[in-house]
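Notes to accompany the following structure.
The values are calculated or read from the model by the stated rules, or taken from the named source; none is laboratory data. Not measured: the values here are computed from a predicted model. For neighbour counting, all protein chains shown are included, and Cβ atoms are generated from backbone atoms with ideal geometry for every residue, glycine included. Side chains are part of the model used for accessible areas, which takes the heavy atoms of the whole protein and leaves out ligands, DNA and RNA. Shrake-Rupley method; radii C 1.70, N 1.55, O 1.52, S 1.80 Å.
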Amino acid sequence: VRWMMYWIIFALFMATETFTDLLISWFPFYYEVKMAFVIWLLSPYTRGASLLYRRFVHPTLARKEKDIDAFLIRARERGYETALHFGKRGLNLAATAAVQAATKSQGALAGRLRSFSMQDLRSLPEQA
């Protein structure tokens, strides 16, 4: 549980760090403060990640639990519908390509057979 809290807080930190690096990286000792913050999060003595998770993240997730569940259900349904749609579309494309390939190869075979004259066919050795 401790590591789960750490990785959730660290992921949030990394997501916000992308923007803060652009905006306030000019601030003196910015990178040193970031390193100290990560050490504070990771330290078993300070339990910074646990503190932040229990104070901010968990209450927010608990408040939004029904919304998150509804979103996940909608996403699962949409994902199933999308997979079904693209699966049907892929099968239709494959079937069309197979029919076109068969039609072209049949036409090529017929054209090839037409190119033989009766003289060519008579010259073939007969099998008893």
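What accessible area, in Å² to the nearest ten, does a 1.4 Å probe give for Met5?
Approximately 10 Å² of Met5 is accessible to the 1.4 Å probe.
What full-extension length gain, to one decimal in nm, is calculated for Glu32 and His85 as 0.36 nm per residue of separation minus the Cα-Cα distance?
Extra length available between Glu32 and His85 comes to 14.0 nm.
Grab the beta carbon distance between Arg2 and Thr60, set R0 = 25 Å, and tell me the FRET efficiency rounded to 0.05.
Efficiency, from the Cβ-Cβ distance: 0.80.
Could you please report the charge total around Arg2, scoring K, R as +1 and D, E as -1 over all other residues with beta-carbon less than 12 angstrom from its beta-carbon?
Net charge around Arg2: +2.
Grab the Cα-Cα distance for Ala15 and Arg76, subtract it from 0.36 nm times how many residues apart they are, and report the gain in nm with one decimal.
Stretched fully, the Ala15-Arg76 segment lengthens by 19.5 nm.
Please turn the phi angles of region 21-35 into ³J(HN,Hα) values with the Karplus equation 6.51 cos²θ - 1.76 cosθ + 1.60 (θ = phi - 60°), one per residue in order, whole Hz, x for glycine and proline.
The phi angles translate into 4, 6, 8, 10, 5, 6, 4, x, 6, 4, 5, 5, 5, 4, 5 Hz.
Under 30 Å from the Cα of Lys88, which lysines turn up, not counting those fewer than eight places away in the same chain?
Leaving aside lysines fewer than 8 places away in the same chain, those within reach of Lys88 are Lys104.
Looking at region 1-46, what % of the alpha carbon pairs are farther apart than 17 Å?
37 percent
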